[in-house]
Each structure stands twice: as C-alpha cells, then as structure tokens.
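K.L.:
A single structure is presented below for examination.
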Amino acid sequence: MKASQFSDLPARDRYQLVQEYDAEHIRALDTGLGIQRTRDFVLVDVLTRPRPQAAKLAFYKILTSSLQDKCGVEPSDLMVSLAENGDDDRSFGMGRAQFLTGELGAAIQPADKS
C-alpha cells in the first residue's frame, strides 16, 4: 500500500514502528463478533490527523486487501485502530509544533471531519 493512494498524504509523511511478538504473547479476541483469529494476527495502530469517515472506511478496505494480496494476511487476522490528534499534539523535532508554526506549509491542511 502506498501513501499516494490517499491524496492528502505527503510522500515523506511516514513514521513506522514494527514490533513483533511470539504468538503465545498475544491475546486478540473477537470482541464478540465471531471472528476466528489465527497465530498470524496483525494489529495496525495508526496515529493520524482528523480524517473524514469515508477516508477511514476506504483505508480499512485498501489496507485489508493489500495485506491479504501482498503478505497473505487473512482479513480475519487484521485489526486496525485509528487514533486522531490535532496540530498542537505533534512536534517533529527541534522543540517546535511545526503544524502550528507553519513550517510544514499550506500544502498540508487538516481534513474535514464530516
């Protein structure tokens, strides 16, 4: 999956942490939905600026399809969590909030929450 699939994501706006656990250290139940999980469970946790609901739903579908096609991750083994924060909740370094100072420029605008 490429960031370019989402038109409002700058090409270099990527910060990824990958952490792996042995299957016996993971408890990923189905939240009562009847979803059958395997030892191949993947949790994707995304920290993002506010985005429209339609963009989030599209992201879930594209991510699920991409991970299944390219990595063999079954849709039942994927859980996605989006956590939103605002422009004043981030500093990319140098002790400044670059969204607030304008250092990131007008090209990166907050999404409409509708």
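Computed from the coordinates by the stated procedures, all read-outs in this text should not be read as laboratory data. Keep in mind the model is a prediction, meaning the values are calculated, not measured. No Cβ is skipped: glycine too gets one built from the backbone with ideal geometry, and neighbour counts run over all protein chains shown.
K.L.:
Which peptide among 12-19, 43-50, 84-91, 26-33 comes first, and what is the full order, when sorted by highest mean count of other Cβ atoms within 10 Å?
P.N.:
43-50, 84-91, 26-33, 12-19
K.L.:
Moving on to the next point. How many nm is it between the label spots at Ser81 and Ala11, if each spot is 7 Å from the Cα in line with the beta carbon?
P.N.:
3.3
K.L.:
What does the charge count near Thr38 come to, summing +1 for each Lys or Arg and -1 for each Asp or Glu among other residues with Cβ under 15 Å from its Cβ?
P.N.:
-3
K.L.:
Another question, if that's okay. Given Cα pairs under 8 Å that are at least 6 residues apart, what percent is the relative contact order of region 3-101?
P.N.:
Result for region 3-101 is 25 percent.
K.L.:
How large is the charge dipole for region 3-101, taken about the Cα centre, if only the Cβ atoms of Lys, Arg (+1) and Asp, Glu (-1) carry charge, to the nearest 20 debye?
P.N.:
That gives region 3-101 a dipole magnitude of about 300 debye.
K.L.:
To the nearest µm²/s, what D does Stokes-Einstein give for region 3-101 at 20 °C and 1.002 mPa s, using the Kirkwood radius over alpha carbon pairs as Rh?
P.N.:
136
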